[in-house]
Amino acid sequence: MRAIVVSATGGPEVLTYTDLPDPEPNPGEVLVDVAASGVNFIDIYHRMGRYPLSLPFVPGNEGAGTVAAVGEDVEGVSIGDTVSWTNAMGSYASRAVVPASQLLAVPEGITAELAAAVTLQGLTAHYLTHSVHEVKPGDDVLVHAAAGGVGLLLTQIAKLRGARVIGTVSTDEKEILARQAGADEVLRYDGFTDAVRDLTGSGVHVVYDGVGATTFDASLASLRPRGMMALYGQSSGPVPPVDPQVLAQGGSLFLTRPALGPYTATREELAWRASDIFGWVASGDLKVHISGRYPLAEAARAHEDLEARRTTGKLLLLP
Ligand SMILES: NC(=O)c1ccc[n+]([C@@H]2O[C@H](COP(=O)([O-])OP(=O)(O)OC[C@H]3O[C@@H](n4cnc5c(N)ncnc54)[C@H](OP(=O)(O)O)[C@@H]3O)[C@@H](O)[C@H]2O)c1
């Protein structure tokens, strides 16, 4: 099979396109012919060594394709099924072995490419809006990087739940996309707290902050008393240690640093979120914006574009 391998951590240049022996599924696993691999910010952290993995490794933990072989002790999955997954490393490849526990059946009418584009970020937007903070009609919601992969989905799902969405973006092109996704107000990052206060009076009910270092303090300052700060990422860099007293000063604020794993810990929870996401995609309520399709061999270019803030929506690698 063809794959990207990381043998030493570093910049995009360490993503090496190579041939590897075809993998075999062990008991409880399934071999998939990959139609598309999702590119996510966490892949950059793995590549850089910020979240250390043992070397060498095949990066990528999201994809979709067709089942090519089924290991022992796997039920309910057959050769030829269209499936997607997240939370299973090794997706930057033409073939991937995936634990059956992570597989999602892709409903008819949704292509494998679309499934690869919406699985990780869709599940993330779902748990953020349904579990970290249950968005209710009339809520004021602040979504940073609103034209990004998670951001465009968060914006649409918060609107489906009846919220007023205030988005932040860095460019006019990104503003157009955020508005098309339903954002009621779109701001630039400079001085966004004052603008949020002007719009809401007392501040927003929840901030979804995947940007981190450059937005964190102003995000906290944009919350109403007892508001929820959902720091779910750090595309601008890690947030320094926080004094809990700032939460009291802000009016008994909540701060959480959530991750997808604990919010899809049981098969039931994973299936519930996936069924909502695929259902909305099938009905047209949730639009998936794929802004970049790169040959697998050009994974490095996809990483460069994502790190340089040149992208919107989802990036895919095609083997
Ligand atoms: N906790 C979880 O469960 C979970 C799951 C998925 C993703 N995440 C995290 O969510 C964040 C967004 O992920 P994504 O894949 O959807 O990426 P993305 O939002 O499509 O891309 C990152 C965006 O962040 C903004 N940004 C602001 N400052 C930046 C900087 N200094 N460098 C790079 N980007 C900057 C840019 O948008 P503007 O140009 O508009 O500012 C950029 O397009 C990442 O931190 C990721 O790790 C977390």
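Rg/Rh for the stretch 58-207 (Cα atoms only, Rh after Kirkwood) is 1.09. Once the 1.4 Å probe is applied to the protein heavy atoms, the stretch 193-283 comes out at 47 Å² accessible per residue. Measuring only protein heavy atoms, the 1.4 Å probe finds Trp272 accessible over about 110 Å². Building the convex hull from the alpha-carbon atoms of the stretch 38-131 and averaging its projection over directions returns 7.2 nm². Between the stretch 7-65 and the stretch 125-175, the alpha-carbon centres lie 29 Å apart. Summary of the geometry: the stretch 232-265 and the stretch 295-319, compared by the centres of their Cα atoms, lie 28 Å apart. Remark: the stretch 1-69 is approximated by an ellipsoid whose semi-axes, taken from the C-alpha gyration tensor as √(5λ), come to 23, 13, 12 Å, largest first. Measure off, as a whole percent, the carbon and sulfur share of the 1.4 Å-probe accessible area of the stretch 81-132, all protein chains present. Here carbon and sulfur together make up 48 percent of the probe-accessible area.
The per residue volume of the convex hull around the alpha-carbon atoms of the stretch 131-173 is 67 Å³.
Accessible surface for Val239 stands near 40 Å², nearest 10, in the context of the full protein assembly shown (1.4 Å probe). Label reach from Asn26 (point 7 Å along Cα→C-beta): in the stretch 93-108, amide nitrogens under 15 Å belong to 97-102.
Spin-label model, Thr9 to Leu55: label points 7 Å out along the Cα-to-beta-carbon direction sit 1.0 nm apart. Net length available on complete extension from Arg161 to Arg310 is 50.7 nm, with 0.36 nm assigned per residue and the Cα-Cα distance removed. Stretched out straight at 0.36 nm per residue, the stretch from Ala259 to Thr111 would grow longer than its current Cα-Cα span by 50.6 nm.
For the chain, the convex hull drawn through the C-alpha positions has a volume of 124 cubic angstrom per residue.
Extension gain for the segment Ala213 to Asp81, taken as residue separation times 0.36 nm less the Cα-Cα distance, is 43.3 nm to one decimal. Pairwise alpha-carbon distances in the stretch 204-319 exceed 16 Å for 72% of all pairs. Distance between the pseudo-spin-label points of Glu134 and Met89 (7 Å out from Cα toward the beta carbon): 3.7 nm.
Please report, as a whole percent, how much of the solvent-accessible surface of the stretch 179-313 comes from carbon and sulfur atoms (probe radius 1.4 Å). Could the numbers behind the result be given before it?
On the way: 3350 of 6600 Å².
Reported share for carbon and sulfur atoms: 51 percent.
For the stretch 35-133, applying the loop criterion from DSSP together with a ceiling of 15 other beta carbons within 10 Å to the GluC sites (Glu not before Pro) yields Glu72, Glu75, Glu108.
The values are calculated or read from the model by the stated rules, or taken from the named source; none is laboratory data. All values reported here derive from a predicted model rather than from experimental measurement. Every residue, glycine among them, receives a Cβ derived from its backbone with ideal geometry; neighbour counts consider all protein chains shown. Each accessible area value is taken on the protein alone, full model and side chains, heavy atoms only, with ligands, DNA and RNA left out. Shrake-Rupley method; radii C 1.70, N 1.55, O 1.52, S 1.80 Å.
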